[in-house]
Each structure stands twice: as structure tokens, then as C-alpha cells.
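Remarks on the structure that follows.
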Amino acid sequence: MGIRVLRWRRSPLWRATDRREAWVTLGALVLLALGAPAAGWAGGVLADASLQQEIRAQHEERRPVTAVVVGPAPEARRFAGDPGDGSGRTSVVAAWRAPDGTPRTGEVATSGAREPGAPVRVWTDASGLPVPPPMDAGTARTHAVLGGVGVFLLAAGCVEAGRRLIVGRMVRRRYALWDREWAEAGPDWGRAGTGS
């Protein structure tokens, strides 16, 4: 195969524009094979580091508290969950203590026990108000992987778009050159006795 390529490079049919297009395509292939995966990996690593830092910050700001269900929330709402498995989250009114010992009561989401007196885990901020639980490490890694895949696809798309743009310009220049050469040859090129 390598000998055929070398023979083709020495062929009189292998024009300079063909060589330039081949180099552009080879460069694009190298970038697609090495650059795009490296960009995706770097994007995923940066996203993971950022998300892990956010998880640490959330764990510092939020505290789990055991609350006690007081009763159902007015107009109890069903939260996102798979309706098929019955694990949907529901709002209940619960009571708990803030970090400073102040009693708090409020509406919280639970997927566990809903009867009065049942314990419920609630995440609170520094003032004792309910907040969403911190993101878990597995979810953060999934988001980071998806971010890395997105960066890879974006990089690959940019490489291919750049290759198409460059090759498109080369083809337009080649056609413009051919048009000029045809115009110089005139309408009677190749006829016997026309001075060619």
C-alpha cells in the first residue's frame, strides 16, 4: 500500500493542489484521532474537578437533619419519580431543629414514610431552612463524562468544519485557475491549423 501511495505521489496526474488537499485531510485525521479525544478528556477532567469542588462546598454548607413528619402537606404534590415503581416523592409537613436549636417546621419532600411521627431525613442550610441534598459523586462523574463527550464532539465538528472550509477554498481556487486557463486557450483549442 505504501509503495502505491509513493508511486501515486510521483504520478504526473498528482497535482500540487491534490498534494495540498491530501495534507489538509491528513492533518484533520490526526486532529480527529488525537486532538479531539484529548480535548474531550481535558474537558471531562476539568468538569469533574469543578463538580467535585462544588460537592465539597455543598457538603460544607448543608447539613442532614432528622425531621419528624407532622402531617401531609396541604394539597400534597407528587414529585418526579417513576410512576411504575411507586417511588415518587411527596410533600409532607415536618418539624426539625436548626443548627442553633431553633425549632423549624416546613414542607419537605420525602419518598419514605408519610405518616405522622415518622422520621424523615432533611437537608438544611446554615439557618436551618430546607435545601436540596448535595449532588452525589456518581451523578457528578456522569455529568463530567457527558461534558467530556460533548467537548469531544464539538472539537471533532470544528476539525471537520475547518477541513471542509479549507478544502472548499482550495477547490474554488483550482476551478478559478482552470477557468482562466480555458479562457486563455480560446474556443478553438485543439483544432488543426489554429496555431497551437
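The values are calculated or read from the model by the stated rules, or taken from the named source; none is laboratory data. This is a predicted model, so every value here is computed, not measured. Note that we place each Cβ from the backbone using ideal geometry, even for glycine, and neighbour counts take in every protein chain shown. Ligands, DNA and RNA are excluded from the accessible area calculation, which covers all protein heavy atoms including side chains. Shrake-Rupley method; radii C 1.70, N 1.55, O 1.52, S 1.80 Å.
Remarks
- Test: residue in the range 151-170 that is over 30 Å from Trp23 (Cα atoms), surrounded by 12 or more Cβ atoms within 10 Å (Cβ to Cβ) and free of Cβ contacts under 8 Å to residues at least 12 places away in the same chain: no
- For the range 8-18, filtered to residues that are charged (D, E, K, R) and open to solvent by 90 Å² or more (accessible area, probe 1.4 Å), the residue that is modelled with the lowest pLDDT is Arg9.
- Taking the range 38-78 as the range and being surrounded by fewer than 15 Cβ atoms within 10 Å (Cβ to Cβ), among the charged types (D, E, K, R) and in a helix (DSSP H, G or I) as the test, the residues that pass are Glu54, Arg56, Glu60, Glu61.
- Residue check: Asp82 meets all listed conditions (1) within 29 Å of the chain's Cα centre (by Cα); (2) farther than 30 Å from Gln53 by Cβ; (3) modelled with pLDDT of 85 or more but one, namely (3).
- Restricting the range 97-144 to residues that are assigned to a strand (DSSP E or B), open to solvent by less than 30 Å² (accessible area, probe 1.4 Å) and out of contact with any Pro (no Cβ under 8 Å at 6 or more places or on another chain), the residue that is modelled with the lowest pLDDT: Thr110
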